[in-house]
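Asks: Could you have a look at this structure, given as structure tokens, before my questions?
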Amino acid sequence: MKPDLNNDYNERLKNSVFYPLYHTTKAYYVFILVLLAVMAWGGYNYITQLRFGLTVTGLNDTTFWGLYIVNFVFFIGISYAGTLVSAVLRVTGASWRTPITRMAEVIAIVGIMIGGLMPLIDVGRPDRILNIFIFGRLLSPLVWDIISIITYFIACLIYLYLPLIPDLALMRDSLGKGASPIRRKFYTFMAAGWRNTLEQKKWLEKGMRTMAVIIIPIAIFVHTVVSYIFSITLRPGWNSTIYGPYFVIGAIFSGTAAILIVMVIFRKIFKLEEFITEKHFKNLSYLLITLLLSYAYFTFTEYLTIGYKAELAEKELLNQLLQGDSAVWFWSFVIGGLIIPAFFIVFRKMRIIPRVVTASVFIFVAMWIKRFVIVISTLQTPQIPIESVIYKPTLVEISITLAALAGFVLLVALFAKIFPIISIWEVSEEHKERSSPGHAPIEDKPQRSGQSEREDN
């Protein structure tokens, strides 16, 4: 009698994903404490900003937006990519997506939570933020932003929750007698009475497909609206008709890099090598290089049109970027975000995972720098013949920025301790389909290190 390979695989999958939920190391507690300390320091600096006003920042009469708005565009972009990558893969029926979609969806939720806080921090009087809701005009791009982000956040929550239901029910049913009553009640409530019946599965699949179709245009609309804050303003560099698609491509680009970084971290720490394989990094690397080339094209087009027209203010902006005060930031983006990552992705002598993840780290940092260039360089380009004041972020702004990054990491880490970071039921069903007659035989064991890379080469 042959052993049931599907049952063996499912048992390994369940044990691997559930283990970090019930076993916490000292290193995890130390890591969480470090993140909380960084956030506490950022909170202290924000209180300082509330006490003394925006004079404690580097903002001035000309540079009225700084790191906070840079962070806003950056985190919203990461959020957008997480949702879009997951939704597109689900709609197109890419079966290999199943181990990574939940990570992408979590990045989407956490990114919009952190990014959405940035404009509130940027407001000198946060108590007056209600005036936007009370007196806001629908002709204002700021109002469009608020409406689209709230809508997007609600859609992302639903899109994340629906595929979680079967796994929450599995956790509910797997709790032993010694489990905490609070944990038991929590998973029972969140599982929403799931019993894995055919009728429930039918409605769940329908709901997931519907949300995947709906959330794609919502995500595109959100980051396009974010670009409108800049592109419909008569400022050098911002007054551009390509900013909508430019921002959308940039968001997917940086977000895909973030997904790859999160994937390799969870793969290593949670020992998920059998389920998050080199194949997933290889497939996402194709998307990454496509996005890199697309973003390089948009970047070239943007600055070519500025330089060719040689309009006075835009010519000054281009000079600042190429050889002036913003040159270090601009060339750091070009070299670190386009040239070096392209080398690592295309250069095939290294193993796939180290080179793709290295490229992703460069892209992640460089795309934040690009947002800095977009926001700060334009504002520092004078529109009238006056001496521009160079914007220099203060310790307050830097501390709050680091706290935002720490908050992003903390929320992802906490999610992974409460919910399965991989969709167990989807991975199990995908494996069952691949193992069924009519499909090519699969190797149920994890690949040896470097095996897939040697086959690629």
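Asks: Do the conditions hold for THR210, that is, is it modelled with pLDDT under 85 and of a type in the set (Val, Ile, Thr)? Reasoning before the result, please.
Replies: On the way: modelled with pLDDT under 85: no; of a type in the set (Val, Ile, Thr): yes.
No, not satisfied.
Asks: Among MET39, MET1, which is modelled with pLDDT of 95 or more and either of a type outside the set (Val, Ile, Thr) or in contact with a strand residue (DSSP E or B) (Cβ under 8 Å, 6 or more places away or on another chain) (or both)? Spell out how you get there, then give the answer.
Replies: Details: MET1 fails: modelled with pLDDT of 95 or more.
Going through MET39, MET1 in turn, just one is modelled with pLDDT of 95 or more and either of a type outside the set (Val, Ile, Thr) or in contact with a strand residue (DSSP E or B) (Cβ under 8 Å, 6 or more places away or on another chain) (or both): MET39.
Asks: Could you list all residues from the range 229-239 that are surrounded by fewer than 17 Cβ atoms within 10 Å (Cβ to Cβ) and either aliphatic (A, V, I, L, M) or not in a loop (DSSP other than H, G, I, E, B) (or both)?
Replies: Listed by number, the residues that qualify are ILE232, LEU234.
Asks: Can you tell me which condition LEU198 does not meet? The list is (1) closer than 27 Å to VAL213 by Cβ; (2) aliphatic (A, V, I, L, M); (3) buried (at least 19 other Cβ atoms within 10 Å of the Cβ), and all the others hold.
Replies: Of the numbered conditions (1) closer than 27 Å to VAL213 by Cβ; (2) aliphatic (A, V, I, L, M); (3) buried (at least 19 other Cβ atoms within 10 Å of the Cβ), the odd one out for LEU198 is (3).
Asks: Yes or no: the range 211-224 includes at least one residue that is more than 21 Å from GLY93 (Cβ to Cβ), free of Cβ contacts under 8 Å to residues at least 40 places away in the same chain and touching a helix residue (DSSP H, G or I) at 6+ places or on another chain (Cβ under 7 Å).
Replies: Yes, the conditions are met somewhere in the range 211-224.
Asks: Taking the residues in the range 325-348 that are in contact (Cβ under 8 Å) with a residue 12 or more places away in the chain and outside any helix (DSSP H, G or I) as candidates, determine which candidate is surrounded by the fewest Cβ atoms within 10 Å (Cβ to Cβ).
Replies: ARG348
Asks: Quickly run through the range 176-191 and pick out the residues that are surrounded by 12 or more Cβ atoms within 10 Å (Cβ to Cβ) and either in a loop (DSSP other than H, G, I, E, B) or of a type in the set (A, V, I, L, M, F, W, C) (or both). Working first, answer last.
Replies: Our first condition is that a residue be surrounded by 12 or more Cβ atoms within 10 Å (Cβ to Cβ); within the range 176-191, this holds for 179, 183-184, 186-188, 190-191.
Within the range 176-191, ALA179, PHE186, MET190, ALA191 qualify.
Asks: Would you call TYR303 modelled with pLDDT of 85 or more, in a helix (DSSP H, G or I) and closer than 18 Å to PHE72 by Cα?
Replies: On the way: modelled with pLDDT of 85 or more: yes; in a helix (DSSP H, G or I): yes; closer than 18 Å to PHE72 by Cα: no.
Taking the combined requirement at face value, the residue does not satisfy it.
Asks: Continuing with this model, one more query. Anything in the range 45-64 that is among the hydroxyl-bearing types (Ser, Thr, Tyr) and touching a residue at least 40 places away in the same chain (Cβ under 8 Å)? List them, or say none.
Replies: Within the range 45-64, TYR46, THR48, THR57, THR62, THR63 meet the criteria.
Asks: In addition: Can you tell me which residue among GLU443, GLU387, GLU429 is assigned to a helix (DSSP H, G or I), at pLDDT below 95 and among the acidic types (Asp, Glu)?
Replies: Numbers: GLU443 fails: assigned to a helix (DSSP H, G or I); GLU387 fails: assigned to a helix (DSSP H, G or I).
From the options GLU443, GLU387, GLU429, the qualifying one is GLU429.
Asks: State which residue is nearest to the chain's Cα centre (by Cα) when the search covers only the range 209-228 and only residues that are crowded, with 20+ Cβ neighbours inside 10 Å and of a type in the set (A, V, I, L, M).
Replies: ALA219
Asks: Next up: Inside the range 110-125, can you point out the residues that are surrounded by fewer than 19 Cβ atoms within 10 Å (Cβ to Cβ) and touching a residue at least 24 places away in the same chain (Cβ under 8 Å)?
Replies: First pass over the range 110-125, keeping only residues surrounded by fewer than 19 Cβ atoms within 10 Å (Cβ to Cβ): 113, 117, 120, 123-125.
Listed by number, the residues that qualify are MET113, LEU117, GLY124.
Asks: Which of the residues that make up the range 192-205 are more than 26 Å from the chain's Cα centre (by Cα), part of a helix (DSSP H, G or I), within 20 Å of LEU160 (Cα to Cα) and not aromatic (Phe, Trp, Tyr)? Walk me through it before giving the result.
Replies: Narrowing the range 192-205 to residues more than 26 Å from the chain's Cα centre (by Cα): 192-203.
Add one more test, that the residue is part of a helix (DSSP H, G or I), and what stays is 198-203.
Checking the rest, the ones that are also within 20 Å of LEU160 (Cα to Cα) come to 200-203.
Hits for the range 192-205 are GLN200, LYS201, LYS202.
Asks: Among the residues that make up the range 307-322, is at least one of them hydroxyl-bearing (Ser, Thr, Tyr) and closer than 30 Å to LEU414 by Cα?
Replies: No.
Asks: Does at least one position in the range 242-262 carry a residue that is free of Cβ contacts under 8 Å to residues at least 12 places away in the same chain and either over 17 Å from ILE376 (Cα atoms) or crowded, with 16+ Cβ neighbours inside 10 Å (or both)?
Replies: Filtering the range 242-262 down to residues free of Cβ contacts under 8 Å to residues at least 12 places away in the same chain leaves none.
Checked the range 242-262: no residue is free of Cβ contacts under 8 Å to residues at least 12 places away in the same chain and either over 17 Å from ILE376 (Cα atoms) or crowded, with 16+ Cβ neighbours inside 10 Å (or both).
Asks: Conditions first: (1) outside any helix (DSSP H, G or I); (2) within 15 Å of the chain's Cα centre (by Cα); (3) not aliphatic (A, V, I, L, M). THR63 passes all but one, so which condition is the exception?
Replies: THR63 satisfies all of (1) outside any helix (DSSP H, G or I); (2) within 15 Å of the chain's Cα centre (by Cα); (3) not aliphatic (A, V, I, L, M) except (2).
Asks: Restricting attention to the range 126-175, which residues are among the acidic types (Asp, Glu) and crowded, with 16+ Cβ neighbours inside 10 Å? Let's see the steps before the verdict.
Replies: The initial filter retains those residues of the range 126-175 that are among the acidic types (Asp, Glu), namely 127, 145, 167, 173.
Across the range 126-175, the qualifying residues are ASP145, ASP167.
Asks: In this structure, does ARG102 turn out to be closer than 25 Å to GLY407 by Cβ, part of a helix (DSSP H, G or I), without any contact (Cβ under 8 Å) to a residue 12 or more places away in the chain and of a type in the set (D, E, K, R)?
Replies: Numbers: closer than 25 Å to GLY407 by Cβ: yes; part of a helix (DSSP H, G or I): yes; without any contact (Cβ under 8 Å) to a residue 12 or more places away in the chain: no; of a type in the set (D, E, K, R): yes.
No: the conditions fail for ARG102.
Asks: Also, quick follow-up: Pairs, please: C-beta under 8 Å, at least 6 apart or cross-chain, first residue at positive phi and in the range 293-310, second part of a loop (DSSP other than H, G, I, E, B) and modelled with pLDDT under 90?
Replies: none
The values are calculated or read from the model by the stated rules, or taken from the named source; none is laboratory data. This structure is a prediction, so every number in the text was calculated from the model and none was measured. For neighbour counting, all protein chains shown are included, and Cβ atoms are generated from backbone atoms with ideal geometry for every residue, glycine included.
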